[in-house]
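The values are calculated or read from the model by the stated rules, or taken from the named source; none is laboratory data. The structure presented is a predicted model; accordingly, all values stated were derived computationally and were not measured. Here the Cβ positions follow ideal geometry from the backbone for every residue, glycine too, while neighbour counts run over all protein chains shown.
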Amino acid sequence: MTIRIEHTVQVWREDASYVARAIPLDVLSCGTTPEDARRNLSEAVALFLKTASAHGTLAEVLEECGYRRVNDEWRAPTLLSSETVSQAISA
């Protein structure tokens with residue numbers, strides 16, 4: 001059986017590498033280009049989900065991430081906002 005699990009991907013640069021993050025799964029990977037980081041993230045997400053499935057915890061993991069099941073598809077929670085903010089601290 002095949003199920004569909006959607007997620008949002010964020011990519012940013014860190015020094016000479018690019019980091020990709022799957023939201024809301026909170027899985028990250030990196031690469032030397034944005035495309036490489038996305039490709040590596042896709043593999044990491046697949047391994048993460050296959051491992052959860054093999055352990056019989058896939059539904060639990062997805063529900064903890066805010067997913068809801070609709071037929072054979074898991075729908076991610078709606079992303080309401082994404083913004084960059086600056087936080088001041090006393091050092």
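Identify all residues within region 1-23 that are surrounded by 15 or more Cβ atoms within 10 Å (Cβ to Cβ) and either out of contact with any strand residue (DSSP E or B) (no Cβ under 8 Å at 6 or more places or on another chain) or among the charged types (D, E, K, R) (or both); write none if there are none.
The one that is surrounded by 15 or more Cβ atoms within 10 Å (Cβ to Cβ) and either out of contact with any strand residue (DSSP E or B) (no Cβ under 8 Å at 6 or more places or on another chain) or among the charged types (D, E, K, R) (or both): Arg21.
Output the residue which, of all residues in region 63-91 that are of a type outside the set (Asp, Glu) and not in a loop (DSSP other than H, G, I, E, B), is farthest from Arg4 (Cα to Cα). First the steps, then the outcome.
As a first pass, look at region 63-91 and keep what is of a type outside the set (Asp, Glu): 65-71, 74-82, 84-91.
Keeping just the survivors that are not in a loop (DSSP other than H, G, I, E, B) gives 68-70, 74-75.
Values: Arg68: 12, Arg69: 10, Val70: 10, Trp74: 6, Arg75: 8 Å.
If we take residues in region 63-91 being of a type outside the set (Asp, Glu) and not in a loop (DSSP other than H, G, I, E, B), then Arg68 is farthest from Arg4 (Cα to Cα).
Find all pairs meeting these conditions: Cβ atoms under 6 angstrom apart; at least six residues apart or on different chains; first residue within region 70-81 and at pLDDT 85 or above and surrounded by 10 or more Cβ atoms within 10 Å (Cβ to Cβ); second residue basic (Lys, Arg) and not in a loop (DSSP other than H, G, I, E, B).
Filtered contacts from region 70-81: Arg75/Arg68.
Take Leu47 and tell me if it is part of a helix (DSSP H, G or I) and out of contact with any helix residue (DSSP H, G or I) (no Cβ under 7 Å at 6 or more places or on another chain). Working first, answer last.
Details: part of a helix (DSSP H, G or I): yes; out of contact with any helix residue (DSSP H, G or I) (no Cβ under 7 Å at 6 or more places or on another chain): yes.
Taking the combined requirement at face value, the residue satisfies it.
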